[in-house]
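For reference, the structure discussed in these notes is given below.
The values are calculated or read from the model by the stated rules, or taken from the named source; none is laboratory data. From a predicted model like this one, the values you see are computed outputs, not experimental measurements. FYI the Cβ positions are ideal-geometry reconstructions off the backbone, even for glycines, and counts take in every protein chain you see. In case anyone asks, the SASA skips ligands and DNA or RNA and just uses the protein heavy atoms, side chains included. Shrake-Rupley method; radii C 1.70, N 1.55, O 1.52, S 1.80 Å.
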Amino acid sequence: MLFLLGLLLLISEIRCGMSVNITLIEPQPIWNSTFTDKLKKDLLMNYDRFARPAHHENATNVDIKLSIRHIDINEQKSIMTLNGWTKFSWNDDKLKWNPADYGGLESVHMADHEVWQPDIVLYNSALGNDISHYGRTTCIVYHGGKVLWVPPSQFQVFCDLDLRKWPNDVQTCMIKVGSWTYSGNILDLQSETPELQLVIENPEWQITSMKSTRNVKMYACCTEPYVDIEYNITVARRSEMYKSVAFTPITIVVLSTLASFWLPSEAGEKIIINCFNAVILTIFIKYFSNLLPVSATTVPLVVCHYCLTLYLVCFALILGVVVIKIARNKNGNVPNACKVVIDSWYGSFLGVTNPRAKQKAAQELKDGAFDDHQTSDDHQIISSAGHQSGENEFYWSLLGRLIDRTAFLVYLVTFGVMALKHFL
């Protein structure tokens, strides 16, 4: 017992005789923080990015401005694709600070997933359930609570294309955006006229007009109004190349078809010309069927023009066969009615009057003072079998020429009316 007591006294003396200096070492930071780090930490410490940054009785105003950078239209799918920048700005009361407390810092950049953003989606999207219209870009937050977000955007929407006047058509497509869940009493949208800032112009389409409309709608499901922004973009087709492709062949076909009526009535080349015209028209109609989408409501006028021209060329082909058959006919007499038409003013107008009939009439007037014997001899000569056969053959040729010239006038008027209706 005495031994333990002495051991304790010895230990206490040793402790009292020793002076131990303990220095606390504070941990050093591994990087130097900035006012931006401190500001973001203070702002986002208890920030809920899923909660709207205003009291439930106050509406959040969101300003939207669309800048168009490029536009394209897929005619086969009736889809317009618009690439641009969408400028969003709103006030977030939970992101305010005094710049004097943070070294005069008046703005800070934050990622899009760090702050609350309005759920503005494309109503008439052509991509189904894909709502990722905007790029993942940062926001700029100002000390007064204003948030600016300008993401690159791509909108693909269905567009009701009217190709009746192709390739001189003008199309108007609509882009409608709005909040998916918030009503107009909670999220109010305002928009400006979209601006055009094309990076590369579309070689086929040219934007002619743009306008925006703010709509407030009441739906049957709800009592509160809903706000959406509607952009109407009108584009006109740059049709110079299509005009060359579509109008040049049809012009050549029309001119060659009309020229075939001026060939000699007996010429078989008119059949060859019309056959080539029919083949050309058939090829281009097939080309248009592959180029243009199938529409149940409207058919492009140029396609109608090609189809009607094909019908007319085929009829001209049949008519050419008939005219060649008539012109080469050497048997039988030409009907008197046909002779009357050939020798009338209409035949003179078409240049198919029988010159032999005129010579005969002039000769009769000149030789009217001859005696009856001489006149009788003349009639006997005219009525001879060989002369009568040649006269009929000549009249058959004139009849074929009369049909050709008449068809030329009919086709000329028909082609003119078709051109005025389809192309002007």
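Confirm whether Q197 is touching a residue at least 12 places away in the same chain (Cβ under 8 Å) and open to solvent by 80 Å² or more (accessible area, probe 1.4 Å).
On the way: touching a residue at least 12 places away in the same chain (Cβ under 8 Å): yes; open to solvent by 80 Å² or more (accessible area, probe 1.4 Å): no.
No; evaluated as a whole, the condition is false for this residue.
One residue stands out in region 164-208 among those that are under 20 Å from the mean Cα position of the chain (by Cα), in a strand (DSSP E or B) and of a type in the set (A, V, I, L, M): the one that is nearest to Q76 (Cα to Cα), namely V170.
Yes or no: region 91-110 includes at least one residue that is over 30 Å from L163 (Cα atoms), in contact with a Cys (Cβ under 8 Å, 6 or more places away or on another chain), open to solvent by 10 Å² or more (accessible area, probe 1.4 Å) and at pLDDT 90 or above. Before you say what the answer is, go through the steps one by one.
So the first thing to find is which residues in region 91-110 are over 30 Å from L163 (Cα atoms), and the list is 91-110.
Pick out the ones that are also in contact with a Cys (Cβ under 8 Å, 6 or more places away or on another chain) and you get 109-110.
When the remaining residues are screened for being open to solvent by 10 Å² or more (accessible area, probe 1.4 Å), the result is 109.
Those still in the list that are at pLDDT 90 or above too: 109.
Yes, region 91-110 has at least one match.
Scanning region 214-263 for residues that are more than 24 Å from P300 (Cβ to Cβ) and of a type in the set (K, R), we see that the one that is most open to solvent (accessible area, probe 1.4 Å) is R214. Looking across region 170-185, the residues that are at pLDDT below 90, more than 13 Å from Y123 (Cα to Cα) and surrounded by fewer than 17 Cβ atoms within 10 Å (Cβ to Cβ) come down to S183, N185. Of the residues making up region 270-325, just one is of a type in the set (D, E, K, R) and under 24 Å from K165 (Cα atoms), namely K286.
Just wondering, is there one or more residues in region 139-152 that are more than 42 Å from the chain's Cα centre (by Cα), closer than 22 Å to G184 by Cβ and in a loop (DSSP other than H, G, I, E, B)? Yes, region 139-152 has at least one match.
Filtering region 200-213 to residues that are open to solvent by less than 80 Å² (accessible area, probe 1.4 Å) and modelled with pLDDT under 85 leaves only N202.
If the condition is being in a loop (DSSP other than H, G, I, E, B) and either buried (at least 19 other Cβ atoms within 10 Å of the Cβ) or touching a strand residue (DSSP E or B) at 6+ places or on another chain (Cβ under 8 Å) (or both), then region 295-331 contributes only P300. For region 223-249, filtering for residues that are under 19 Å from V177 (Cα atoms) and assigned to a loop (DSSP other than H, G, I, E, B) leaves 2. Here L161 passes the criteria (1) in contact with a strand residue (DSSP E or B) (Cβ under 6 Å, 6 or more places away or on another chain); (2) open to solvent by 20 Å² or more (accessible area, probe 1.4 Å); (3) aliphatic (A, V, I, L, M); (4) not in a loop (DSSP other than H, G, I, E, B) except the one numbered (4). If you go through region 251-266 one residue at a time, do you hit one that is under 26 Å from the mean Cα position of the chain (by Cα) and touching a residue at least 24 places away in the same chain (Cβ under 8 Å)? Within region 251-266 (the criterion being under 26 Å from the mean Cα position of the chain (by Cα) and touching a residue at least 24 places away in the same chain (Cβ under 8 Å)), the answer is no, since none of the residues qualifies.
Determine whether region 337-358 contains at least one residue that is on the phi < 0 side of the Ramachandran plot, surrounded by 12 or more Cβ atoms within 10 Å (Cβ to Cβ), in a loop (DSSP other than H, G, I, E, B) and at pLDDT 75 or above. Full working, then the answer.
Initial filter on region 337-358 (on the phi < 0 side of the Ramachandran plot): 337-350, 352-358.
Remaining after also requiring surrounded by 12 or more Cβ atoms within 10 Å (Cβ to Cβ): 338-339, 341-343, 346-348, 350, 352-354, 356-358.
So of that shortlist, the ones also in a loop (DSSP other than H, G, I, E, B) come out as 343, 352-354.
Those still in the list that are at pLDDT 75 or above too: none.
Within region 337-358, not a single residue is on the phi < 0 side of the Ramachandran plot, surrounded by 12 or more Cβ atoms within 10 Å (Cβ to Cβ), in a loop (DSSP other than H, G, I, E, B) and at pLDDT 75 or above.
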